[in-house]
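Notes follow the structure.
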């Protein structure tokens, strides 16, 4: 293992300017490709907009997302009669500005999405790579366990876990990751088995590489692309699941703004103050749609190039 | 061809390599009547390779020649038998890999697509002991020049090269460890004819310059004839004939060798031999025939003895042949 | 002299790519007579497979045929409609491919796949539903006949077997059976033996030779192996980078090659009678994208000179029905060579 790390580090340190140039070249090619697919490009911009909004939330909002002004209860959106630009998208049942809450809600959703996908990817890929490489009992038991988990529908399972653990940010991540790693496990395992059969792995072994070194420095770089694409595609799903759990009251608890619970809170007022549920819902829709479109575009861009190469 | 038989460099004695294939389901297992299927990929071979020579290993698909190559390089351990290097059994596989390397067949899957040439060659160089990055760069450039690639290719990815160039990178990787013995597993079979000639010439130059010993595995009999000093013919996991190249090609003793040589399509009408058509196809290595494995397809089978007793290796002049037909000639 | 079966006239097929246009088939002229075996020899990327696909108009989009005529039995196939082409494919011109495992459908028994061709082209008599009685039986009988003809042992047992249960040679025979089912006049074979062992290759080539002799089927055999072409074909066309560079009878091309590429191909094979160094052709096949006019081989040619580039070099005659595309055989040079051959000093 230290051999692989040493080689990688040394090559990295020595040729960093070359690597930078290569990365730069790859990035430039990628961006050029992306420009040719306008829809994913637009979707990517939307996702970046969300991320920026989430990061800069305190700076770009004028109101507090938690403290409400009861006098402004159910203020309508700016273009409706009775509305004003103080509350561009209206106010909810506690007089809190909807736009501010939505922007702060983005923080929650993106954080949950990134954390849960991140942990799922790391755990799933690591276990999948090991199972696919070593096979044998490790593979058998892990695969059976993964199959077992797959038997449960995701949402029901997550509800069960949350009911058991109680609400909260960490528990939410736990619930999503508990079942989320399985897909990445399967993907990494399959790719690992396919790559292991290729001769460059044997060549590395003859050149003196040991198992762990081969897994990390030879095979993993070939797997990361598919894992990354899958992660992007699944992120939308995780965000929707988080919203569903929050809607049911099992996720992020109020007063922390979470889109799902915001939709739930506005349920009773759909006919009168429709904006309380609608705009958070639109926020979820737009983000998830953008992530999915971008993810699929990513897959389309990367896949054929993989084949040509 | 003028190589004196000094002490052998590589010896394989009684080497067997079986692969165990587990039937996928209970029903399949019951129907087959056994828990596992045993693929007798290599079933008892004896080989000797002398320093500086090229031993050609020919046979058709499924005969086990690729497995022999991998066992001789100790990419996999033999199920039975022994591989000896310079007279001593191979104990430390890592140390053995400083002396024995392999060139693979497929130029597309034998190079890591995510690594540049520099990174691909860094691995064997590091294990050879070239730790200093500057020295490694120097060595890498030297290797590239030696195999006929431009220096500017050092930072290119495999997909930017043609098949012939990729094979050259494979050759560079093999000689990076400065080995004495190289197994060339069908190194030119995937290349165009005009590029094959280039790579064959490169291998020959390197052999002369670096005093290499080759095991050249191929199904292309013309190429094997050109590059090898001695040739061994394999069928269904066993060596059926072995001898100096010219002797074997002008006077093949085993009926399988005769059929192989007769099947080569020749440009020159005068060279074409009478076709010997073999009945049927190659049997499965899971259930090889009893006795002489070739007997179901042999045009000169002698009946009872060929079906029951596997023939021993019989020395006939400079050639060895495993065939009952030649017992009398001893 | 037998009749002209197929004539390709100035056939050009291009593939537009994001980096430029690849002219896979560049101004190809070929003729095939009834019962003739034509070999197209060349290395990977030279356009030989694309030529076969162009004949049957099976070129995958966005590739398309830009110019030329494909005259099959006095009909221009380029002008034919899709429906007409469908009657030609499989029935009058059949094609077999290199890798049988990917050409045979793994989900259907082999016998059914051979019969599919018969069914599609109505070779078993008309009638649907109740009027189709006996057709299944007729189909099975015909398929068994075909399987026996191509040398598949115990056809009755093998009829219901799946492709993966066949060996490589057997699969290729099944493919040939599919090709022959409707008794085509022309068989296009795209490297049918490249994936097979040399002994099986010999068997398959013998089979195809028998088919040619007994049924009179013309064959176009695409291969990279000059030995196979020399043993098997009547005429040979050598292709390089999309163009035919030499064409003639097998004796002319093999024993008296005129084009430097053909000479190079013959010289770079190791000889089985002598140990002498092989002379490889230096360099690599050029990038086919947006190729400049002139000779594509000049980067690797020992006789190259400035006139080789710049203008398209036409095919010139170098003997009776022996054509070469080389500047040394045009005009002044040729006169010199001819004069030398005839005995006058030059």
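Just so it is clear, none of the values below were taken in a lab; they were calculated from the coordinates. On a predicted model such as this, the values are computed, not experimentally measured, just so you know. Here Cβ is always computed from backbone atoms with ideal geometry, including for glycine, and neighbour counts include all displayed protein chains.
Side notes on the structure shown:
- 10 Å binning of all Cα-Cα separations within the protein assembly as shown, expressed as whole percents from 0 upward: 2, 9, 15, 18, 19, 16, 10, 6, 3, 1, 0, 0
- Whole-angstrom gap from segment B:230-293 to segment C:1-68, using each part's C-alpha centre: 38 Å
- Per-selection Rg to Rh, chain A - Cα, Kirkwood hydrodynamic radius: 1.06
- Here r is the Cβ-Cβ distance between residue B:205 and residue B:284 and R0 is 41 Å; the resulting FRET efficiency, rounded to 0.05, is 0.50.
- Cα centroid separation, segment C:86-102 to segment A:61-79: 72 Å.
- Dimensions of chain B along the principal axes, based on C-alpha atoms and rounded to the nearest Å, stand at 68, 57, 38, largest first.
- From least to most packed, judged by other beta carbons within 10 angstrom and beginning with the fewest, B:246, C:225, C:290, C:320 follow the order C:320, C:290, B:246, C:225.
- Gained length - residue A:122 relative to residue A:49, 0.36 nm times residue gap less alpha-carbon distance: 23.7 nm
- With contacts taken as Cα pairs under 8 Å at a separation of at least 6 residues, chain A carries a relative contact order of 24 percent.
- Gyration tensor (alpha-carbon) shape descriptor, segment B:96-151, a/c threshold 1.5: oblate
- The order of A:296, B:309, going from fewest to most other C-beta atoms within 10 Å of their C-beta, is B:309, A:296.
- 222 nm mean residue ellipticity, helices alone, for chain C (DSSP H n ≥ 4; -39,500 (n - 2.57); rounded to 500): -9500 deg cm²/dmol
- Gyration tensor (alpha-carbon) shape descriptor, segment C:210-299, a/c threshold 1.5: oblate
- The modelled label-to-label distance between residue C:81 and residue A:271, using points 7 Å beyond Cα along the C-beta direction, is 6.2 nm.
- Within segment B:111-137, backbone nitrogen closer than 15 Å to the virtual label 7 Å beyond the Cα of residue A:138 toward Cβ: none
- Relative contact order of chain C, defined on C-alpha pairs under 8 angstrom at six or more residues apart (%): 20 percent
- Helical contribution to [θ] at 222 nm, DSSP H n ≥ 4, -39,500 (n - 2.57), averaged over chain B, rounded to 500: -9000 deg cm²/dmol
- Kirkwood's formula applied to the C-alpha pairs of segment B:110-264 gives a hydrodynamic radius of 17.1 angstrom.
- Axis of helix C:110-120 versus longest Cα principal axis of chain C: the two differ by about 80°, to the nearest ten degrees.
- Inter-label distance for residue A:80 and residue A:27, nm, one decimal - labels placed 7 Å from Cα along Cα-to-Cβ: 4.5 nm
- Note on residue A:224/residue B:6: beta-carbon distance plugged into 1/(1 + (r/R0)^6) with R0 of 35 Å gives a FRET efficiency of 0.10.
- The alpha-carbon atoms of segment C:157-241, seen along their principal axes, cover 42, 27, 23 angstrom, with the largest extent given first.
- Angle between chain A longest axis and helix A:38-55 axis [Cα atoms, degrees, rounded to 10]: 70 degrees
- Comparing Cα centroids, segment C:294-312 and segment A:223-287 end up 67 angstrom apart.
- Relative contact order (%) - criterion: Cα under 8 Å, at least six apart; region: chain B: 20 percent
- Segment C:159-189 residues near the modelled residue C:136 label - backbone nitrogen below 20 Å, point 7 Å along Cα→Cβ: C:159-162
- Residues B:68, A:227, arranged from fewest to most other Cβ atoms within 10 angstrom of their Cβ, appear as A:227, B:68.
- Here segment C:4-240 is described by how far its Cα atoms reach on the three principal axes: 52, 42, 37 Å, from widest to narrowest.
- If you plug the beta carbon distance of residue B:138 and residue B:93 into 1/(1 + (r/R0)^6) with R0 = 41 Å, you get a FRET efficiency near 0.90.
- Label-to-label distance for residue C:102 and residue B:304 is 5.2 nm, based on points extended 7 Å past Cα in the beta-carbon direction.
- Theoretical ellipticity at 222 nm over chain A - DSSP helices of four or more residues, -39500 (n - 2.57) apiece, nearest 500: -24500 deg cm²/dmol
- Reduced Cα scattering model of segment C:187-346, Debye log10 I(q)/I(0), q = 0.11, 0.12, 0.18 Å⁻¹: -0.54, -0.64, -1.23
- C-alpha long axis of helix B:117-128 to longest principal axis of chain B, angle in °: 80 degrees
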